[in-house]
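Engineer: Supplied in structure tokens, the structure appears directly below.
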Amino acid sequence: MSDLDWVRGVAHELIRVHLDASWSFDFDHAKKRAGLCNYTERRITVSRYLAQRHSDHEVHQTLLHEVAHAMAGHAEGHGPEWRRIAREIGYVGGATHHGEVAAEFARWVGSCPNGHEFLRFRRPSSRTASCARCSRRFDRRYLITWRERTEAERLAS
Ligand SMILES: [Zn+2]
Ligand SMILES: [Zn+2]
């Protein structure tokens, strides 16, 4: 997990180096997306919830992803110019949608016999979990099997 003061410090440093004083940083309360670039308010935000669960590397990458958006501009989206800038400032992740930034960091994928998929950031503690979508109660027929995703799979998510 990342220390929130550390995250704030890194964010301010990135803004100072790559953007200007019209940009600010704050935490937000999102649970499913790691970061956001608000072009109107000129503010970069990171999920307090996910920052406390992600590694320093992951949070740093989230910040780089969003800073690259601020540098490239809203219209660019995840286009070639955004990708060029993102790579240049050190982003190594994929060009994912904001809502899926968190997914690219998920190392573990589990699937049940009926093909429901589950992403986890850490190695799942229980080896014998059953699919909650197939059955609300534990059911051996719907055991989830976990495997580590390849880097290519994560970048494609
Ligand atoms: Zn993005
Ligand atoms: Zn299932």
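Every number in this text was worked out from the coordinates using simple rules, so none of it is lab data. This one's a predicted model, so the numbers in the text were calculated from it and none came from an experiment. With ideal geometry, Cβ positions are generated from the backbone for all residues, glycine too; neighbour counts draw on all protein chains shown.
Engineer: In sequence order, what are the phi-derived ³J(HN,Hα) couplings for the stretch 17-25 according to the Karplus relation 6.51 cos²θ - 1.76 cosθ + 1.60 with θ = phi - 60°, rounded to whole Hz, with x for glycine and proline?
Structural biologist: 6, 9, 10, 8, 5, 6, 9, 9, 10
Engineer: Debye sum, Cα scatterers, the stretch 106-156, no solvent: what log₁₀ I/I(0) at q = 0.26, 0.32 1/Å?
Structural biologist: -0.96, -1.23
Engineer: Report the residues of the stretch 136-153 in range of a label on Asn114: point 7 Å along Cα→C-beta, backbone N strictly under 16 Å from it.
Structural biologist: Answer for the stretch 136-153: 136-145.
Engineer: Taking the Cα centroid of the stretch 113-149 and of the stretch 1-69, what is the distance between the two, rounded to the nearest whole Å?
Structural biologist: For the stretch 113-149 versus the stretch 1-69, the Cα centre distance is 31 Å.
Engineer: Could you work out the relative contact order of the stretch 106-156? I mean the mean sequence separation of Cα pairs under 8 Å and 6+ apart, divided by the number of residues, in percent.
Structural biologist: Details: 83 pairs, mean separation 21.1, N = 51.
Rounded, it is 41 percent for the stretch 106-156.
Engineer: Dipole of the chain, Cα-centred, from +1 at each Lys and Arg C-beta and -1 at each Asp and Glu C-beta, to the nearest 20 debye?
Structural biologist: For this selection, approximately 1100 debye.
Engineer: Hull surface divided by four, with the convex hull built on the Cα atoms of the chain: how many nm²?
Structural biologist: 10.0
Engineer: What does the extension gain come out to for His18 and Thr40, with contour length at 0.36 nm per residue minus their alpha carbon separation?
Structural biologist: 6.1 nm
Engineer: Continuing with this model, one more query. Quick check for you: which residues of the stretch 26-70 have the amide N under 19 Å from the point 7 Å beyond the Cα of Trp6 toward its beta carbon?
Structural biologist: Zone members listed by number: 26-28, 34-35, 46-65.
Engineer: Relative contact order for the chain: what is it in percent, counting Cα pairs under 8 Å that are at least 6 residues apart?
Structural biologist: Rounded, it is 18 percent for the chain.
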